[in-house]
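Each remark here refers to the structure printed beneath this line.
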Amino acid sequence: MVASGSEEATRAGVAVLERGGNAVDAAVAAAFALGVADPGGSGLGGLTYMLIAPDGGNPVAVDGSTPAPLAADPAALRAIRESGAYFGHAAASVPTTPATLAHALARYGTMDLIDVLEPAIEIADRGYRLTR
């Protein structure tokens, strides 16, 4: 089963399953396709967390939270948080979605990245329906 906020993204995940991919392959394909078909609600500039239950293994959490740059000054970050200045360049975080999806695919998937990106590329080429 595949579910997402976009018919096109859901179909992308299903297509990957029909080509023999596993659940991680389908989830990654759907996530990249969702970034195309619903860029305002999902996309490459976000954060991604994944819970994966591998066959015969323990459940795994893939943490795609935002890392702070190594040169970040903790006192300066606290000052930003305490001031309520949650807008502007100082409040921006490093997007993790592409790295998180690629890591999950490489570690728990069965397909190559180009194969799971194919549906998203097709959606970008042919277009998609806008929601209200």
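Key figures for this structure:
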{"quantity": "Residue within the range 3-25 that is under 15 Å from T100 (Cα atoms) and under 11 Å from the mean Cα position of the chain (by Cα) present", "calculated": "no"}
{"quantity": "Scan of the range 37-74 for residues that are within 27 Å of G127 (Cα to Cα) and exposed (fewer than 11 other Cβ atoms within 10 Å of the Cβ), ordered by number", "calculated": "G40"}
{"quantity": "Members of the range 103-118 that are open to solvent by 90 Å² or more (accessible area, probe 1.4 Å) and β-branched (V, I, T)", "calculated": "T110, I114"}
{"quantity": "Checking A61 against (1) closer than 20 Å to V116 by Cβ; (2) modelled with pLDDT of 90 or more, the condition it does not meet", "calculated": "(1)"}
{"quantity": "Residue ID - surrounded by the most Cβ atoms within 10 Å (Cβ to Cβ), chosen from residues in the range 2-27 that are among the charged types (D, E, K, R) and either at pLDDT below 95 or closer than 16 Å to G41 by Cα (or both)", "calculated": "E8"}
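The values are calculated or read from the model by the stated rules, or taken from the named source; none is laboratory data. Owing to the predicted nature of the structure, the values given are computational and were not obtained by experimental measurement. Virtual Cβ from ideal backbone geometry, glycine too; neighbours counted across all protein chains shown. For accessibility, only protein heavy atoms count, side chains too; no ligands or nucleic acids. Shrake-Rupley method; radii C 1.70, N 1.55, O 1.52, S 1.80 Å.
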